[in-house]
Amino acid sequence: MTETTEELMTIDELSTATGLSVRTTRYYASLGLIPPPIRRGRVAYYGPEHRARLDLVTALQEHGFTLQAIERYLGRLPADITREDLAMQRAMITSWATEPTEDIQARIGRELIALGLPRDALAAAYAATSRLMANLADELNTILRDQVVDPFKRTHHTAEEAAHLEEVLPRLRQLTTEAIVVSFQDAVNRTISRNLS
């Protein structure tokens, strides 16, 4: 870490910046979710990388990760990951839905059962959808990583450009969702047309 003195914060300042309590910040540090502080004499300081990691931890928690899962997730990140990369990770994992996925799925299931659809058919449809969506998500993630994120990381960019990319990712999620819905509707229409002819 090569933070300047102006970028360094005490634990109180870091907690204020992240919206976490000092106690929670210390607990996360004790779990190794952030690296040790920078020592200047008897005072411990934290820099932008510490904040970026804590912001990522918060995003992962909002996404439903347990602290143990967060430890494993952070443990798989490269040791030399930059704060920009941490911000990118946070933007990419931020939940796409406004309510928990389990709640949405349960509501849809209840409505489909209320419509009188057989449970076996619903289970088969859910299994097919989950399998196909997992494959689609993997493929789209590979495209995003290989053709957008990795080329961006390999080139020099300003802090403003990194912030812009981080801001663009939520809109990219919305557009991806719209594109998937439109593609599915088009595929259904083509299937109906084939069945009618």
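Determine the calculated [θ] at 222 nm for the chain from helices alone, applying -39500 (n - 2.57) to every DSSP H run no shorter than 4 residues and normalising by the residue count; nearest 500 deg cm²/dmol.
The per-residue figure over the chain is -22500 deg cm²/dmol.
With each pseudo-label sitting 7 Å past Cα toward Cβ, what's the Glu161-Asp186 distance in nm, one decimal?
3.2 nm
Determine the share of the chain's accessible area contributed by carbon and sulfur atoms, expressed in whole percent, with a 1.4 angstrom probe.
Answer for the chain is 56 percent, counting heavy atoms of protein chains only.
As an exercise, use a Förster radius of 22 Å and the Cβ-Cβ distance of Arg154 and Glu7 to find the FRET efficiency, rounded to the nearest 0.05.
Using R0 = 22 Å, I get an efficiency of 0.30.
Calculate, for Leu112 and Arg40, the FRET efficiency according to 1/(1 + (r/R0)^6) with r their C-beta to C-beta distance and R0 41 Å; round to the nearest 0.05.
0.10
GNM, the chain, Cα, under 10 Å: largest mean-square fluctuation among Ser15, Ser30, Ser130?
Maximum fluctuation in the GNM of the chain, among the listed residues, is at Ser130.
Give the ranking of Phe184, Phe152 by solvent-accessible surface, highest area first, calculated with a 1.4 Å probe.
Phe184, Phe152
Quick check: pseudo-label points 7 Å beyond the Cα along Cα→Cβ at Arg194 and Val22, how many nm apart are they?
6.6 nm
Quick one: among His50, His63, His157, which has the greatest mean-square fluctuation in a GNM of the chain with alpha-carbon springs under 10 angstrom?
His157
Looking at (1) 16.5; (2) 20.1; (3) 17.5, which value of Kirkwood radius over Cα pairs in Å comes from a calculation on the structure shown?
Correct label is (2).
Taking loop as defined by DSSP and a crowding limit of 10 other beta carbons within 10 Å, which trypsin sites (Lys or Arg not before Pro) in region 14-119 fit?
Within region 14-119, the qualifying trypsin sites (Lys or Arg not before Pro) (loop, at most 10 other Cβ atoms within 10 Å) are Arg42, Arg76.
The values are calculated or read from the model by the stated rules, or taken from the named source; none is laboratory data. These figures come from a predicted structure and were not determined experimentally. Virtual Cβ from ideal backbone geometry, glycine too; neighbours counted across all protein chains shown. Protein only, heavy atoms only, side chains kept; ligands, DNA and RNA dropped before computing areas. Shrake-Rupley method; radii C 1.70, N 1.55, O 1.52, S 1.80 Å.
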